[in-house]
Structures are given as structure tokens and as C-alpha cells.
Amino acid sequence: MGDRDHLKFSKAFDTFLRKHVSEENSTFRLERVLTDEVMVIETSLGIIGRVRNGDSPEATYRRYERRTDGAELQLRFAFRGYEALDAHGPWVSDRETLLPDDSFENLELAWARELDRREQRRREIAAMPKLDKKALNQFCRAWADTGYNEYVSDSEVYYVLFDGRTLDEAGAARDELLTAIETLGLALVEPQAGAPAGEVWVRSDPRVDLELEKWA
């Protein structure tokens, strides 16, 4: 693995994990054949083991509490091997001392399932009626310049545009935005009590949410 292969490795290994991790398939190995070293990733336990064979065999283990921590250890091992992880412990020789309780969640499996849910949601949104591209672009630009999302609950989210502005401060741009909102078929709602008169509150729409990811 060369100096410039970090991103390539991380992407490839993430792709491999996502494809193969499951409740039945939860242990993965990284082998550095030339140095006779192995990393064992036990995703169902949150334990990483590193094994050095040869003249002085040695195996040590550590827990990882976040998936990104595990990914960093995997990358460092692939790049520099066993000794590169010395400072990224603590490492212990007794794996049994690291076993989690029954509440432990397989972090890689949860991550893969969440990505699958997001992709399924994107497919559902893509199947919805298309929005006018010009009006959508105008709305997103106004949101990026003057707005934010107001999260009332998981199911109740509003776009707030011309945040904190009076009618005079919002000016003609506000009227143009209202026209774009009508074209898009979005639902205007009453602003919260005390909001300046220039603010525009709009009920969220998953098609707009998807587009706003490009503007955030």
C-alpha cells in the first residue's frame, strides 16, 4: 500500500464490509503477507486483534467504540503493519477481558443497514413527481443565502427563509421566492409567534431535502 493509497483502501474496504457484513458474517481479516501479520476485526464484539507471526509470535487486542475508530486502525495496519498500532491502544493479550455485554451493537452492521435505508429512501424520492428545476434552484439558493431548517420533531420540519428580516429588508426577492414556492407546490405555514414579517416558513418536502444536501 503506497503513500497515496489511503482513500482508495478505505473506500474499497468499506465497500467490502458493507457488502458482506451480516449477523452471520461478522469477522473479517486483513493480511499483510510479506510481513506475516494479520488483523482480525470482530464486528459483532467491537474487538480488533493484531497478530504477528514469525520468530516472535504475538497477538494483542483492543476494543473500539466507534466505527470510525475501527476504520482508522484498519487503515494504519494496512499501511504500516503491527508496530504502527503500538501507540493506538491500550492493547491487551487476553481477548476475553474485552468481551462486551449483551447490549453491544454491531457498529459496521448498523452502518451498512443505515446506508441501505438511505438508498431506499432516495429511490422512493426519485420515483415521486419531479419538481420544476428552475424554481427548485431558486428556492435552494434563497435557502442557502437566508435560511435554515427548523426541526420541531422527526416528522415536522420547516424551511425558514429570510431569517430575521422585515418585509422591507426581504424586498422584491421575497415576492420572487413566493412565486417559486407556488410553482413547486410547497405548503406555506404561519411563522412562529414573534417572527419578523419578512420571514417565510415552508413545510419540508423530501424532494427539496434531497436537493438541499447539495447546498448545505
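Between the labelled values (i) 16.8, 55; (ii) 25.2, 79; (iii) 18.5, 53, the entry that holds Rg and Dmax of the Cα atoms in Å as derived from this structure is (ii).
Averaging sequence separations of C-alpha pairs under 8 Å and six or more residues apart, then dividing by the length of the chain, give the relative contact order as a whole percent. About 15 percent, as a whole number. Values of log10 I(q)/I(0) for region 90-133 across q = 0.24, 0.33 Å⁻¹ run -0.89, -1.07, by the Debye formula with one identical scatterer at each alpha carbon and no solvent. Relative contact order for region 19-106: 26 percent, from Cα pairs under 8 Å spaced at least 6 residues apart, divided by residue count.
Restricting the calculation to Cα atoms, region 91-216 yields a radius of gyration followed by a Dmax of 20.8, 70 Å.
Quick one: how many lysine pairs does the chain have with C-alpha atoms less than 22 Å apart and a gap of 8 or more or different chains? Give me the count, please. Lysine pair count for the chain: 6. Solvent exposure of the chain, expressed per residue, is 62 Å² of accessible area, with all protein chains present and a 1.4 angstrom probe. Contact order, relative form, for region 55-144: 30 percent (alpha carbon pairs under 8 Å, 6 or more residues apart, mean separation divided by residue count).
Summing Lys, Arg as +1 and Asp, Glu as -1, what charge do residues with Cβ under 12 Å from the Cβ of Ile181 carry, Ile181 excluded?
-3
Once neighbouring chains are kept in place and the probe is 1.4 Å, which whole percent of the accessible area of region 109-155 is contributed by carbon and sulfur? Carbon and sulfur atoms account for 50 percent of the accessible area of region 109-155. Under the simplified labelling scheme, the Lys8-Glu23 pair shows an inter-label distance of 3.8 nm, with each label point 7 Å from Cα along Cα→Cβ. Shape verdict for region 29-148, please, from the Cα gyration tensor: rounded (a/c under 1.5), prolate (a/b greater than b/c) or oblate. Because a/c hits 1.5 or more and a/b exceeds b/c, region 29-148 counts as prolate. At what distance in angstrom do the alpha carbon centres of region 129-166 and region 48-117 lie from each other? Each part reduced to its Cα centre gives a spacing of 42 Å.
Rounded to the nearest 20, the Cβ-based charge dipole of the chain about its Cα centre (Lys and Arg +1, Asp and Glu -1) stands at 820 debye.
The values are calculated or read from the model by the stated rules, or taken from the named source; none is laboratory data. None of the values given here were measured: they were computed from a predicted structure. Cβ atoms come from the backbone with ideal geometry, glycine included; neighbour counts cover every protein chain shown. These area figures cover heavy atoms from the full protein model, side chains too; ligands, DNA and RNA do not enter into them. Shrake-Rupley method; radii C 1.70, N 1.55, O 1.52, S 1.80 Å.
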